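Reviewing the structure listed below.
The values are calculated or read from the model by the stated rules, or taken from the named source; none is laboratory data. Values in this document were obtained by computation on a predicted structure and should not be read as measured data. Every residue, glycine as well, gets a Cβ built from its backbone with ideal geometry; the counts of neighbours run over all protein chains shown.
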Amino acid sequence: MDKGKGRIRSLNRRGVRSEKVRPVEARAGRPEEGAICERCGALFSRRTWRRDHAVTDPMLARATWVVCPACQQTGREEYFGRVLIPGAAAADEDDIRRRIQNVAARAAFTQPERQVVSVERHGEVLEVLTTSQKLAHRIAHELKKAFGGRTSYAWSDDRTLLATWQPREVKLGTR
């Protein structure tokens, strides 16, 4: 049987580490298996924080109560994603804020480390700060999908994402 290059390359494991350390673990260390966040209720299981696992009474009895990295980031107001929404009309702001919260809630269910740090208005600009680049990207994409307009993304060297969503302009007299 003829071996293709894909099969040969898939067997090459040179340069691959099996004991990868995630950036959060490198900074704060890895908590014990079964640790539970005292702020958001996330469970540390199989090296990740999760909210989709049911917590049983025996788990609670042996649990270690800690503060997860996302809640620590939120407390320090540290962010890695920033979404700017210039010119958000007051009439649409409630819908925009509701959409942001829905996207954040959906993301936090499977990945609790992705949270919204703050949603604040600075003059004519609505600013959303998130604990991850991915959540900021997802929020800008979902706003574009729901309300139209344009998005732009700019990644910086300090591991942050600046996403800008520009709502489409409504021309008077046309629909």
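Exactly one condition in (1) acidic (Asp, Glu); (2) buried (at least 16 other Cβ atoms within 10 Å of the Cβ); (3) not assigned by TED's automatic domain parsing to the domain that holds Ala140 is false for Glu113; which is it?
Status for Glu113: all satisfied but (3).
Looking at region 110-140, which of its residues are farther than 24 Å from Arg50 by Cβ and in a helix (DSSP H, G or I)?
Ala140
Out of Arg13, Arg76, I need the residue that is modelled with pLDDT of 85 or more and either of a type in the set (A, V, I, L, M) or loosely packed, with under 15 Cβ neighbours inside 10 Å (or both). Which one? Reasoning before the result, please.
Working: Arg13 fails: modelled with pLDDT of 85 or more.
Result: Arg76 is the single residue among Arg13, Arg76 that is modelled with pLDDT of 85 or more and either of a type in the set (A, V, I, L, M) or loosely packed, with under 15 Cβ neighbours inside 10 Å (or both).
Wholly within region 35-109, which strands (runs of 3 or more DSSP E) include no fewer than the required count, namely at least 1 residues that are among the hydroxyl-bearing types (Ser, Thr, Tyr)? If you could, list the steps in order and put the result at the bottom.
On the way: elements: 43-45, 48-50, 81-86.
Passing ranges, in order: 43-45, 48-50.
Here's a check for you: in region 90-101, which residue that is surrounded by fewer than 20 Cβ atoms within 10 Å (Cβ to Cβ) and touching a residue at least 12 places away in the same chain (Cβ under 8 Å) is farthest from Ala136 (Cα to Cα)?
First, the residues of region 90-101 that are surrounded by fewer than 20 Cβ atoms within 10 Å (Cβ to Cβ): 90-95, 97-99, 101.
Of the ones still in play, those that are also touching a residue at least 12 places away in the same chain (Cβ under 8 Å) are 92-93, 95, 97, 99, 101.
Details: Asp92: 19, Glu93: 17, Asp95: 17, Arg97: 14, Arg99: 13, Gln101: 12 Å.
The residue in question is Asp92.
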